[in-house]
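The values are calculated or read from the model by the stated rules, or taken from the named source; none is laboratory data. Here the structure is a predicted model, which is why all the values come from computation and not from measurement. Cβ: placed from backbone, ideal geometry, glycine included. Neighbour counts: every protein chain shown. Heavy atoms of the whole protein, side chains included, go into the accessibility calculation; ligands, DNA and RNA do not. Shrake-Rupley method; radii C 1.70, N 1.55, O 1.52, S 1.80 Å.
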Amino acid sequence: MMATRGLVVAANGAAATSQPLATAAALAVLGRGGTFADAAIAASAVLCVIEPWNSHLGGDAFLIVHDAKRRETLAYNASGAAPQSATLASYPNGVPIHGPRSATVPGLVDAWFELHARHGALPFLELLVPALDYAFSGYPAGPRAIKKFAEFVHVPGLEALGTKTPALGEMIRQPELAWSLEELATHGREAFYSGAIAKKIVAASDGHFTMADLAAHKTRILAPLSVGYRGLTVHCQPPPSQGMILAQELALAEGFDLVAMTEAQRTHILVECKKRAFADRFAYLADPEWRDIPLTKLLSEPYLAKRRAEIGATATAMLPRPAGAGGDEGQDTTYFLVADSHGNAVSFIQSVFHNFGSAWIPGGTGILFNNRLTGFSLDPASPNVLAPGKRPAHTLNAWIATHPDGSLALVGGTPGANIQVQTNLQLLVNTLDLGLDPQEAIERPRWQHSSDGGNTGQSETGLGVLEIEDRADASLFTALTERGHDTRPIGPWAHGSAAQLLKVLPSGAYAVGSDPRCDGHAGGI
């Protein structure tokens, strides 16, 4: 297929993000001799400043990190827990979308310091300089920022993010956020979790957070949830991330000869694999420190064979979602990747959950908080039921694939709520089964399946709606409709994801693609 963007090929490092200024920050750090981790922290901080609707210092992060020298791949879970005040009894009318009572303890900042401690080389202060400059001196509003601020101009509390109705190119300044970044650069992690920033957070939270809640946070660094696919090992996020869905989708798809199929047959099989993986997610996914999740069984060949046998030639209804499985699935997130000249890489996803998260910015901090507490269920029967100190089930997931010798092969991911794992499945199939390069794999027309078309955060019930970008051949819609799918076209680039994808070439150079469905930009040195 003909891509709309050129494939980026680079030998000395690469980055792909949802925003060109963040990509530039990452590449500048790599160019100064920084590691992949240094560059990722710089990009992450810039994204918080210039795309606050997607992520911020008050949000969470999940990372997959590949260490080339050790040939080791690890998963970082930097999601925060519900504070001790967040009991079921304290939410008789449900969890509000906005305000401090919708937030969990943020984990992104802790992830920066954990990553830097293990893999950083440059001084931490130096990594925050680009973000500090954009916060203090301002960044120019682009079309997407203008659109997002206009959509949420009615939401109170966002004034600290700068003007709410910017013009194209207008400089948006955030002096309070610049203060917080300076505190982190000067005093380190403690500024956020026990120091001056923490005190401002607690004072503004109306009793929702305590200093003990913030001090108790820690990033979990774990073995990833890994599955084999087409000769590679794909390393996914373990629970409470929905990475278990991607792992199961791939394990199910591994049993089908997708290359020999028509486009309609292949899409049908993948959608049916998706339905079964989501059914198991809703039945089991929760904080694994609070509930056992039978991952060994769900990824065992006997169980997978049973699931594959359920897939026939026609569409099936999604299995009923268990009573009380609830919890919102969120809407807005950002994903990026960085690799350095030594073959080290990070697959990095961060979020405040909904657009502009909780819309709560503790006075004097400029830090926008998540509303991840809405991701809990309030039904005691749910595995994902709210409890103090518990982490909610997360849509956030990122992945890396390695060769049998443990060397890096692929890095990829996307935002997109419940369609994250659907998009990641398609990226891997496009690359490993269909042989497309990263830019082609990203730009190929995509499908998304949900209960109600366009609502990717809604519960999964019934036959569902299969939406496909209308650049796909008309015969695909006809064939899938004949198979019983409720198939509907969406705009040519309207799929609700924004992927970044990197492939390691035989020479060791990187081939990198970035999604035209967002402001994405891939670059290399």
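Check whether at least one residue in region 287-298 is farther than 27 Å from LEU396 by Cβ, modelled with pLDDT of 95 or more and open to solvent by 10 Å² or more (accessible area, probe 1.4 Å), and report yes or no.
No - not one qualifying residue is present in region 287-298.
For the list (1) in contact (Cβ under 8 Å) with a residue 60 or more places away in the chain; (2) not in a helix (DSSP H, G or I), I need the number of the one condition that GLU440 fails.
Of (1) in contact (Cβ under 8 Å) with a residue 60 or more places away in the chain; (2) not in a helix (DSSP H, G or I), only one is false for GLU440: (2).
State the number of residues belonging to region 78-106 that are polar (S, T, N, Q), crowded, with 23+ Cβ neighbours inside 10 Å and either without any contact (Cβ under 8 Å) to a residue 40 or more places away in the chain or not in a loop (DSSP other than H, G, I, E, B) (or both).
1
Output the number of residues of region 466-525 satisfying the condition of being among the hydroxyl-bearing types (Ser, Thr, Tyr) and either open to solvent by less than 10 Å² (accessible area, probe 1.4 Å) or in contact with a helix residue (DSSP H, G or I) (Cβ under 6 Å, 6 or more places away or on another chain) (or both).
Selection size over region 466-525: 4.
Enumerate the pairs (first residue in region 248-272 and under 20 Å from TRP399 (Cβ atoms) and among the polar types (S, T, N, Q); second residue anywhere and open to solvent by 10 Å² or more (accessible area, probe 1.4 Å) and not in a helix (DSSP H, G or I)) with beta-carbon separation below 9 Å, excluding pairs fewer than 6 apart on the same chain, so at least 6 apart or on different chains.
Sorted first by the residue in region 248-272, then by its partner, the pairs are GLN248/VAL227; GLN248/LEU299.
Identify, from the list LEU47, LEU128, the residue that is over 16 Å from the mean Cα position of the chain (by Cα), assigned to a helix (DSSP H, G or I) and more than 24 Å from GLY508 (Cβ to Cβ).
Being over 16 Å from the mean Cα position of the chain (by Cα), assigned to a helix (DSSP H, G or I) and more than 24 Å from GLY508 (Cβ to Cβ) holds for just one of LEU47, LEU128, which is LEU128.
So which of SER507, SER475, SER514 ends up being in contact (Cβ under 8 Å) with a residue 24 or more places away in the chain and within 19 Å of the chain's Cα centre (by Cα)?
SER514
Just the residues that are in a strand (DSSP E or B) and in contact with a Ser or Thr (Cβ under 6 Å, 6 or more places away or on another chain), please, taken from region 373-398. Talk me through it step by step, then tell me what you get.
Of the residues in region 373-398, the ones in a strand (DSSP E or B) are 377, 385, 394.
Scanning region 373-398 gives VAL385, HIS394.
Do the conditions hold for PHE62, that is, is it hydrophobic (A, V, I, L, M, F, W, C), outside any loop (DSSP other than H, G, I, E, B) and within 16 Å of PRO224 (Cα to Cα)?
yes
Taking ASP60 and the conditions (1) open to solvent by 10 Å² or more (accessible area, probe 1.4 Å); (2) in contact with a Ser or Thr (Cβ under 8 Å, 6 or more places away or on another chain), which numbered condition does it fall short on, given that it satisfies the others?
(1)
Have a look at ALA150, ALA167 and point out the one that is over 19 Å from PRO362 (Cβ atoms), assigned to a helix (DSSP H, G or I), open to solvent by 30 Å² or more (accessible area, probe 1.4 Å) and of a type in the set (Gly, Ala, Ser). I'd like the intermediate steps shown before the answer.
Values: ALA167 fails: assigned to a helix (DSSP H, G or I).
When all the criteria are applied, what remains is ALA150.
What pairs can you find where one residue is in region 350-365 and among the basic types (Lys, Arg), the other is in a loop (DSSP other than H, G, I, E, B), and their Cβ atoms are less than 8 Å apart, with a gap of 6+ or different chains?
From region 350-365, no pairs qualify.
Taking the criterion of being touching an Asp or Glu at 6+ places or on another chain (Cβ under 6 Å), among the small types (Gly, Ala, Ser) and closer than 19 Å to GLY462 by Cα, would at least one residue in region 270-288 satisfy it?
yes
May I ask you to verify whether ALA39 is assigned to a helix (DSSP H, G or I) and surrounded by fewer than 24 Cβ atoms within 10 Å (Cβ to Cβ)?
Considered against the rule, which asks whether it is assigned to a helix (DSSP H, G or I) and surrounded by fewer than 24 Cβ atoms within 10 Å (Cβ to Cβ), ALA39 comes out as no.
Test PHE149 against the stated conditions and say whether it is under 26 Å from ILE97 (Cβ atoms) and among the aromatic types (Phe, Trp, Tyr).
So PHE149 passes the test.
Taking region 397-429 as the search range and keeping residues that are buried (at least 24 other Cβ atoms within 10 Å of the Cβ) and of a type in the set (Gly, Ala, Ser), which one is modelled with the lowest pLDDT?
Only one residue fits best here, namely ALA417.
Just the residues that are open to solvent by 50 Å² or more (accessible area, probe 1.4 Å), farther than 30 Å from LEU410 by Cβ and in contact with a helix residue (DSSP H, G or I) (Cβ under 8 Å, 6 or more places away or on another chain), please, taken from region 195-236.
Within region 195-236, LYS199, ASP206, THR210, MET211, ALA215 qualify.
Kindly provide the set of residues from region 479-514 that are closer than 20 Å to ALA39 by Cβ and either touching a Phe, Trp or Tyr at 6+ places or on another chain (Cβ under 8 Å) or at pLDDT below 95 (or both), ordered by number.
ALA498, ALA499, GLN500, LEU502, LYS503, VAL504
Just a yes or no: is a residue in region 66-77 without any contact (Cβ under 8 Å) to a residue 40 or more places away in the chain and surrounded by fewer than 16 Cβ atoms within 10 Å (Cβ to Cβ)?
Within region 66-77, one or more residues are without any contact (Cβ under 8 Å) to a residue 40 or more places away in the chain and surrounded by fewer than 16 Cβ atoms within 10 Å (Cβ to Cβ).
Can you tell which of ALA22, ALA14, ALA86 is over 15 Å from GLY413 (Cβ atoms) and more than 15 Å from the chain's Cα centre (by Cα)?
ALA86
Anything in region 326-356 that is at pLDDT 95 or above and not in a strand (DSSP E or B)? List them, or say none.
Correct list: SER341, HIS342, GLY343, ASN344.
Scan PRO445, PRO404 and give me the residue that is over 21 Å from the mean Cα position of the chain (by Cα), assigned to a loop (DSSP other than H, G, I, E, B) and over 16 Å from GLY243 (Cα atoms). Walk me through how you get there before you give the answer.
Working: PRO445 fails: over 21 Å from the mean Cα position of the chain (by Cα).
Within the list PRO445, PRO404, the selection yields PRO404.
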